[in-house]
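See structure below.
Coordinate-derived values only; no laboratory data. Since this is a predicted model, take the numbers as computed values, not measurements. Backbone-built Cβ (ideal geometry, glycine too); neighbour counts: all protein chains shown.
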């Protein structure tokens with residue numbers, strides 16, 4: 001083994017959904033390991049996306065912040081073309097973007113279904129389709145998708161049914177593309193977290209953009225204990241995690257660096273459970 005195998009020096013990466021939370025953690029982790037990183041997100045109005053790019057630049061890496069709606073093929077194609085022009089190649093793709101809502105499968109209508117599926121599944125597929133030709137031509141590359149424990153086991157939270165279904169789709173998409181792209185030395189893997197810390201819960205974006213659909217309870221004062229305290233409690237509750245805590249962004253980034261680097265050169269089609277033992 002050589003520690004040099006974990007280096008990403010000279011590699012060019014795109015992190016989709018890199019504005020905050022795990023996406024930001026993945027982007028910073030790849031940059032810390034040596035990669036130049038383009039961060040993209042559907043939202044860039046609050047300055048968070050550019051702030052991530054600036055943090056990467058401060059490390060001495062190249063970075064761009066590009067607004068992209070990955071559910072739109074034209075925007076995906078424009079993103080990949082801009083990345084190719086700016087960096088000259090694409091070695092790493094991380095699909096992290098995600099949307100949520102709080103309706104059960106029985107309550108969904110087709111608009112709700114499309115809202116989530118177009119980003120959480122179709123968007124990942126469009127990114128694969130756009131990036132694959134470049135990686136095939138250069139004879140190398142690593143694609144890393146974010147699935148979930150909910151994509152491997154039916155989700156206990158009734159409001160996460162559609163999320164679990166699309167994350168299961170991401171897991172199978174990962175396996176299928178690993179077979180298509182393996183002959184070109186392009187590896188495709190996925191990370192399946194369980195509970196991970198957050199800066200701001202992503203469901204907030206949906207409710208800010210759709211104020212008429214805010215659940216009644218969301219208008220009331222925040223319940224006690226806090227969301228973060230509940231989150232911590234879940235990790236030691238009935239469906240407890242053997243490690244007894246949530247993961248940090250840095251721990252998730254470590255897994256991404258492994259899958260992006262030559263240290264995992266014989267790993268493809270794998271779903272790496274970084275879940276504190278949840279699936280054990």
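Structural remarks
- Estimated translational D of segment 1-99 in µm²/s (Stokes, Kirkwood radius over Cα pairs; 25 °C; 0.890 mPa s): 185 µm²/s
- Distance from segment 141-200 to segment 18-84 (C-alpha centre basis), Å: 20 Å
- Residue 254-residue 157 pseudo-label distance in nm [points 7 Å out on the Cα-to-Cβ vector]: 2.5 nm
- Annotation: peptides 32-40, 82-90, ranked by per-residue average of other Cβ atoms within 10 Å with the highest first, follow the order 32-40, 82-90.
- For peptides 127-134, 19-26, 248-255, sequence by mean Cβ density within 10 Å, most packed first: 19-26, 127-134, 248-255
- Peptides 164-173, 91-100, 148-157, 183-192 ranked from most to least packed give 91-100, 183-192, 164-173, 148-157, packing being the mean of other C-beta atoms within 10 angstrom over each peptide's residues.
- Taking the longest Cα principal axis of the chain as reference, the axis of helix 124-138 is set at about 10 degrees.
- Cα gyration tensor of the chain - equivalent ellipsoid semi-axes, whole Å, descending: 29, 21, 19
- Rounded D (µm²/s) - segment 2-55, Kirkwood Rh over Cα pairs, Stokes-Einstein at 37 °C, 0.692 mPa s: 291 µm²/s
- Kirkwood Rh in Å, taken over all unlike Cα pairs in segment 150-191: 11.1 Å
- What the Cα convex hull of segment 78-119 gives, in volume per residue, is 80 Å³.
- Calculated mean residue ellipticity at 222 nm for the chain: -12000 deg cm²/dmol, from DSSP H runs with n ≥ 4 weighted as -39500 (n - 2.57), summed, divided by the residue count and rounded to 500.
- What the Cα atoms of segment 65-155 give is an Rg and a Dmax of 15.1, 47 Å.
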